[in-house]
2 protein chains.
Amino acid sequence: MNAKSLIRRTRDGEELTAAEIAYLVHGAADRSIPDYQLTAWMMAVYLRGLSERETVDLTLAMIDSGDRLDFGGLPLAAADKHSTGGVGDKISFLVAPLAAAVGVPVPMISGRSLGHTGGTLDKLESIPGCRTALSADEIVRQVTSLGLCLAGQTDRLAPADRVLYSLRDAASIVESLPLITASILSKKAAAGVRALALDVKVGRGAFMESRERARALAELLVRTADRLGIRARAHLTSMDTVLGRTAGNALEIAESVRALRGEAVSPDLQRLTVVLGGAMCWLSGHSATPQDGERAILAAWRSGAGYDRFLRMAAAQGGDTACLEDLSRLPAARDRLDVPAPAAGRFLGIHARAAGEWITESGGGRLRAGELLDPRVGVEVLATPGERIGPGDPALSLHLPEAERRTSTDADLRQRASAWIEIAEDGADPAGSGIILETVDPAPGPERPPR
Amino acid sequence: MNAKSLIRRTRDGEELTAAEIAYLVHGAADRSIPDYQLTAWMMAVYLRGLSERETVDLTLAMIDSGDRLDFGGLPLAAADKHSTGGVGDKISFLVAPLAAAVGVPVPMISGRSLGHTGGTLDKLESIPGCRTALSADEIVRQVTSLGLCLAGQTDRLAPADRVLYSLRDAASIVESLPLITASILSKKAAAGVRALALDVKVGRGAFMESRERARALAELLVRTADRLGIRARAHLTSMDTVLGRTAGNALEIAESVRALRGEAVSPDLQRLTVVLGGAMCWLSGHSATPQDGERAILAAWRSGAGYDRFLRMAAAQGGDTACLEDLSRLPAARDRLDVPAPAAGRFLGIHARAAGEWITESGGGRLRAGELLDPRVGVEVLATPGERIGPGDPALSLHLPEAERRTSTDADLRQRASAWIEIAEDGADPAGSGIILETVDPAPGPERPPR
């Protein structure tokens, strides 16, 4: 068996066996197959696809490439939430501590910046001192004692995925259904997750722009999870405009803290948190229905138990919680640039992809695997979605990178960002669909995985 | 501009501008773009294609990535022959010295093992001491004084192609018309070639199995060459069975020497050499017609001038010519395994691809860029194509790798190789088409290149 011939067969649309897929995956994990062969193979997967059987085998091989955590001793199934990536998506910082406060164990394994979207770990690391590289032992201990962690893949959890994920990011091989599915589910299964709420983003700021493709991904995820013994429910959610009021690493931490404290929470952020948290409570066995779960999440939020849990998690992971209790101590951009609305109308929001791309270019995201990020860069939404705005009213504020990183004048930048401001003409009746578009439910009784 | 977004656009079937293509190509040459992005881009090119305009721009960028030799001071246009790669193809060792003996300057820049086929440089290096890494100065000096050289790309000739070619080989991205075209023509143009005879192989042992695809490549090559100011003629030639009587590095050198000396030359090898050499003489301006060129080549062959020129070239490049004058001194396999014909009938030849794949697996070719080769491994055809053969008659001989490299028993290997022996049933009338299938002629008057 050799990588060259397997690349060729996938390139030519032929199916690989489980053993052949395992050969590639283990070769990625132990670095015996060079990166340039892996990206060639994944680009062939991207353009030619994999069968569902191959997708299951790919996921299993990625799980088998490392260790597997086990939370079988806890009273409820370990639960997690996963989103396919949006701009301004800070739901993890809300839903993980809220579900943990309800009593659901949450070993949340997250990723880094990918394409134009931010990464949960990058955001969390904008809390000074906060570690996301926890060992398997630390994860098990923290989830057992505190109910949650928010960590990166350890070297031993689905190590193949870690290699492949970073290469996909760097080589524009992100938006592939089988690769996304295997990447998500291998991490979750290896981390011992048995209940999974999936947030599949749809729209101009999502990897999946079309509803059909997002639904196909949601179905593939739920079906593949089922074959791995994970109870899963997927929600298709809207990602046209920046979620909540900020996008950018430190900005999103600050917004999450304010939301958990009940100081300010935008309606889209609240709704999505409650629905996904409710699903986690239901799938884990805590609540009899998703609606019961939503009520439990809301109760934990109102009581401050979620905020408390977030602080304790940050502290347990080495974070300087003084920066959370006093948000002015978080890293912040030296310079800002306010951008006024170009016309009058009803403010809809900030174009998510365009804003995300600017953040990435400005150092808040990654053009190449391994690059260091600037936590301070970002976009702050000033106007309130749904409300009327006049021309010249401040609509957004850019949190700028350091001067040497800027590539355009303030005037050019203001003109560029002005185009991100989405306004419905007065009198127009924009389709005001909610954030949750549809739900893909789990198979009634999950089977045991094939091995 | 960044590689990620360019990969994405090619992946999505969008055209890149000349400047964008140049960015990728120069990034390959100066290694500022990592290999894993280059293979992802090239796999996208493979599966989505490039426009002809992009193909010309890719070739120009590859030429511009380095220096350009100039033989404008010589009385005839510098000429070369290029084949798309077959099994047992040792035409270069015949046609280059023969054309040089006629008076045509031949700065021949060749490649290494690619896929299941051998590489001219690898074969030449089985002559002890023979260097193929000549500097630009050495190439110019040797072509001016001796009329020919047979060398690898220098670091400064189309350096981008050197990087891309080796990655394509290692990542199964070989059989792409625009990538093949740009690779071939950039090397030729950079080496100062203005007249080019192309040998586009068709058949089971060629990269192009179908006649239609081979014709498309030939036409793309001739059209693109025209835009670069190179007079070109392409021949589609048959590559179903091993060309000549041997495949394998040292074996092919020995066969070439015997052919040049007139000791033994198989009809297919002779015909192809004369036709391609005749085209070189014609395209370079030496001969008024291709037929005149063929007569000149035959005369140089019969007089021994071609053999003499080959010896002088080998000597000039440091080769031990004693090994050529006494072929028993060339590297040779310790062990051989004769394989008898499995049935009676008319012997047609040895399945080229199957034999080539065994040679590659056995160390005579490359599964990964940069691997060292074993010059001794190969296949020798014992029976004479076209003649009747009885079951049990020796049909071929395997020149085996060292014992530690063998992965199967002699019996298994004999069984495997037995399947490569192509026999027409007695009484059958196999289509006895000649080696030259068709010819794609150059545009009547070559234009100047666009820049």
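Observations on the structure shown:
- Residue list for region A:76-105, restricted to those being open to solvent by less than 10 Å² (accessible area, probe 1.4 Å) and among the acidic types (Asp, Glu): A:Asp80
- A:Met43 satisfies every condition listed in (1) of a type in the set (A, V, I, L, M, F, W, C); (2) within 12 Å of chain B (Cβ to nearest Cβ); (3) touching a residue at least 40 places away in the same chain (Cβ under 8 Å); (4) more than 19 Å from A:Leu217 (Cβ to Cβ) except (4).
- Put simply, of B:Arg204, B:Arg213, B:Arg141 the only residue that is within 14 Å of chain A (Cβ to nearest Cβ), out of contact with any strand residue (DSSP E or B) (no Cβ under 6 Å at 6 or more places or on another chain), of a type in the set (Lys, Arg) and open to solvent by 10 Å² or more (accessible area, probe 1.4 Å) is B:Arg213.
- Looking across region A:144-162, the residues that are surrounded by fewer than 24 Cβ atoms within 10 Å (Cβ to Cβ) and modelled with pLDDT of 95 or more come down to A:Thr144, A:Ser145, A:Leu146, A:Gly147.
- Among the residues of region B:315-336, those that are of a type in the set (A, V, I, L, M, F, W, C) and open to solvent by 20 Å² or more (accessible area, probe 1.4 Å) comprise B:Ala315, B:Ala316, B:Ala322, B:Leu327, B:Ala332.
- Every residue from region B:133-156 that is assigned to a strand (DSSP E or B) and touching a Leu at 6+ places or on another chain (Cβ under 7 Å): B:Cys149, B:Leu150, B:Ala151
- If you go through region A:46-92 and keep only what is within 14 Å of another protein chain (Cβ to nearest Cβ) and assigned to a loop (DSSP other than H, G, I, E, B), you end up with just A:Gly49.
- Set B:Gly262, B:Gly229, B:Gly244: member being over 24 Å from B:Asp122 (Cβ atoms) and open to solvent by less than 30 Å² (accessible area, probe 1.4 Å): B:Gly229
- Within region B:295-311, the residues that satisfy the criterion of being closer than 16 Å to B:Ser92 by Cβ and either in a loop (DSSP other than H, G, I, E, B) or open to solvent by 30 Å² or more (accessible area, probe 1.4 Å) (or both) are B:Tyr307, B:Arg309.
- Counting only residues that are in contact with a strand residue (DSSP E or B) (Cβ under 9 Å, 6 or more places away or on another chain) and hydroxyl-bearing (Ser, Thr, Tyr), region A:308-354 holds 0 of them.
- Residue check for A:Val25: within 30 Å of B:Asp35 (Cβ to Cβ) and either modelled with pLDDT of 95 or more or under 23 Å from the mean Cα position of the chain (by Cα) (or both): yes
- The C-beta contact set for region A:322-346 (first residue closer than 26 Å to A:Thr409 by Cβ, second residue open to solvent by 80 Å² or more (accessible area, probe 1.4 Å) and modelled with pLDDT under 95, distance under 7 angstrom, 6+ apart or interchain) comprises A:Ala341/A:Pro391; A:Pro342/A:Pro391; A:Ala343/A:Pro391.
- The set of residues in region B:169-220 being of a type in the set (Asp, Glu) and in a helix (DSSP H, G or I) consists of B:Asp169, B:Glu212, B:Glu219.
- Residue ID - nearest to A:Gly86 (Cα to Cα), chosen from residues in region A:106-121 that are open to solvent by less than 10 Å² (accessible area, probe 1.4 Å) and touching a Leu at 6+ places or on another chain (Cβ under 6 Å): A:Met108
- Residue under evaluation B:Leu164, criteria (1) more than 15 Å from the chain's Cα centre (by Cα); (2) in a helix (DSSP H, G or I); (3) more than 14 Å from chain A (Cβ to nearest Cβ), criterion not met: (3)
- Matching residues, region A:1-30, being within 21 Å of B:Ala44 (Cα to Cα), open to solvent by 50 Å² or more (accessible area, probe 1.4 Å) and within 14 Å of chain B (Cβ to nearest Cβ): A:Arg8, A:Arg9, A:Asp12, A:Glu14
- Residues of region A:248-259 satisfying the condition of being open to solvent by 10 Å² or more (accessible area, probe 1.4 Å) and over 15 Å from A:Leu311 (Cα atoms): A:Leu251
- Pairs with Cβ under 6 Å, 6+ apart, first in region B:410-438 and under 16 Å from B:Leu396 (Cβ atoms), second at pLDDT 85 or above and assigned to a loop (DSSP other than H, G, I, E, B): B:Ser418/B:Pro342; B:Ile421/B:Ala341; B:Ile423/B:Ala343
- Here is the figure for region A:51-71: residues that are over 22 Å from the mean Cα position of the chain (by Cα), open to solvent by 30 Å² or more (accessible area, probe 1.4 Å) and touching a residue at least 40 places away in the same chain (Cβ under 8 Å) total 4.
Yes/no per residue for (1) at pLDDT 95 or above; (2) under 30 Å from A:Asp12 (Cα atoms):
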residue: B:Gly205; (1), (2): no, yes
residue: B:Ala218; (1), (2): yes, yes
residue: B:Leu221; (1), (2): yes, yes
residue: B:Arg227; (1), (2): no, no
residue: B:Arg233; (1), (2): yes, no
residue: B:Thr237; (1), (2): yes, yes
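- Region B:302-348, residues that are more than 30 Å from B:Gln142 (Cα to Cα) and in contact with a helix residue (DSSP H, G or I) (Cβ under 9 Å, 6 or more places away or on another chain): B:Ala333, B:Arg334, B:Asp335, B:Leu337, B:Asp338, B:Val339, B:Pro340, B:Ala341, B:Pro342
The values are calculated or read from the model by the stated rules, or taken from the named source; none is laboratory data. Quick caveat: nothing in here was measured; it's all calculated off a predicted structure. Reconstructed Cβ throughout: ideal geometry from the backbone, glycine too, with neighbour counts over all protein chains shown. The protein model used for the area step is the full one, side chains on, heavy atoms only, and it has no ligands, DNA or RNA in it. Shrake-Rupley method; radii C 1.70, N 1.55, O 1.52, S 1.80 Å.
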